[in-house]
């Protein structure tokens, strides 16, 4: 019974009800967007100091459903929706939006995208080449795209056993040493945790098989995205469903030094999104400017009228130090 109730809650929270109102009842492909500032007093929760936030809106009926985020420069963002559409935009300090471009991801056969084919859940962009790597949950693949997001340069399936279509690759991060870590949303109901993979090289190109490990979220919920931190650790965003609020977002950090074949990795909580800003946050990016570290979060509105595409900025302050070899248990 508890499983049925939880499944019903997920259905209500993450998808529109049959016959319910959804955004964009008619087609509109206007290349425009605006950012409405959020009224919320700055506060610090753990190591996360809220700075500012915006409600992103657009008349374009493919705008939304954001499950991945990259920050490519000051005020420059790339947003990927789980409907297979990307958005590029510039956002200045005053919240003015410019240089908006919205387009569809390419498909291997060139046909119009189907949800199962282009269900994009994670993204990172190489700062030098501008190439993008995207994790696709429905087909269990990772794609490498050119800098214009117009051509699939390479793609690779995740190794067997196949992760479930709705619980597959949800979070991905390129580490400073060139390795790539990929976390499943809810693959393999193993008592040790959820399955994850770490690739020694390009995860979208032929190469050595990745190493499998497990991630135990320790009750924080399911991982919804990941981003590398300047000190080499991995920032992990977790989503837990409830009733009040519907979404609880918890941020933690894990150390890739703990990753080993079939071993369990734990993380340390550093903060939560304040309840007044609760939403379905599925995309994360970390940037460094002027010696300060910033966390950006984007919410997936699921194209529901009662949800919002919120973009939040936090400063990361007083992060816990990296644990030593004798303090792993205390760091959980």
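All but one of (1) loosely packed, with under 14 Cβ neighbours inside 10 Å; (2) closer than 24 Å to residue 77 by Cα; (3) at pLDDT below 90; (4) in contact with a strand residue (DSSP E or B) (Cβ under 8 Å, 6 or more places away or on another chain) hold for residue 28; which doesn't?
Condition not satisfied by residue 28: (4).
Can you tell me which condition residue 89 does not meet? The list is (1) within 23 Å of residue 313 (Cβ to Cβ); (2) over 19 Å from the mean Cα position of the chain (by Cα); (3) buried (at least 18 other Cβ atoms within 10 Å of the Cβ), and all the others hold.
All conditions pass for residue 89, except number (2).
Is it true that residue 100 is modelled with pLDDT of 95 or more and touching a helix residue (DSSP H, G or I) at 6+ places or on another chain (Cβ under 8 Å)?
No, not satisfied.
When the stretch 191-209 is examined, which residues are found to be more than 19 Å from residue 137 (Cα to Cα) and touching a strand residue (DSSP E or B) at 6+ places or on another chain (Cβ under 6 Å)?
Once the filter is applied, which keeps residues that are more than 19 Å from residue 137 (Cα to Cα) and touching a strand residue (DSSP E or B) at 6+ places or on another chain (Cβ under 6 Å), the stretch 191-209 yields only 192.
Does any residue in the stretch 81-94 that is on the phi > 0 side of the Ramachandran plot and at pLDDT 95 or above come within less than 6 Å, Cβ to Cβ, of a residue that is surrounded by fewer than 22 Cβ atoms within 10 Å (Cβ to Cβ) and part of a loop (DSSP other than H, G, I, E, B) six or more places away or on a different chain, and which pairs are these?
none
Condition first: crowded, with 19+ Cβ neighbours inside 10 Å, farther than 26 Å from residue 299 by Cβ and touching a helix residue (DSSP H, G or I) at 6+ places or on another chain (Cβ under 8 Å). Now tell me which residues in the stretch 158-205 satisfy that.
198
Give the stretch 222-248 a look and list any residue that's out of contact with any helix residue (DSSP H, G or I) (no Cβ under 8 Å at 6 or more places or on another chain), under 23 Å from residue 323 (Cβ atoms) and surrounded by fewer than 18 Cβ atoms within 10 Å (Cβ to Cβ), or say none.
230, 231
Would you be able to tell me the number of residues in the stretch 73-86 that are buried (at least 17 other Cβ atoms within 10 Å of the Cβ) and touching a strand residue (DSSP E or B) at 6+ places or on another chain (Cβ under 8 Å)?
The total comes to 9.
Among the residues that make up the stretch 132-146, is at least one of them over 18 Å from the mean Cα position of the chain (by Cα), within 25 Å of residue 297 (Cα to Cα) and surrounded by fewer than 19 Cβ atoms within 10 Å (Cβ to Cβ)?
Within the stretch 132-146, one or more residues are over 18 Å from the mean Cα position of the chain (by Cα), within 25 Å of residue 297 (Cα to Cα) and surrounded by fewer than 19 Cβ atoms within 10 Å (Cβ to Cβ).
Go through the stretch 129-149 residue by residue and tally those that are farther than 24 Å from residue 281 by Cα and at pLDDT below 95.
So the answer is 0.
The values are calculated or read from the model by the stated rules, or taken from the named source; none is laboratory data. If you're wondering where the values come from, they're calculated on a predicted model, not measured in any experiment. Every residue, glycine among them, receives a Cβ derived from its backbone with ideal geometry; neighbour counts consider all protein chains shown.
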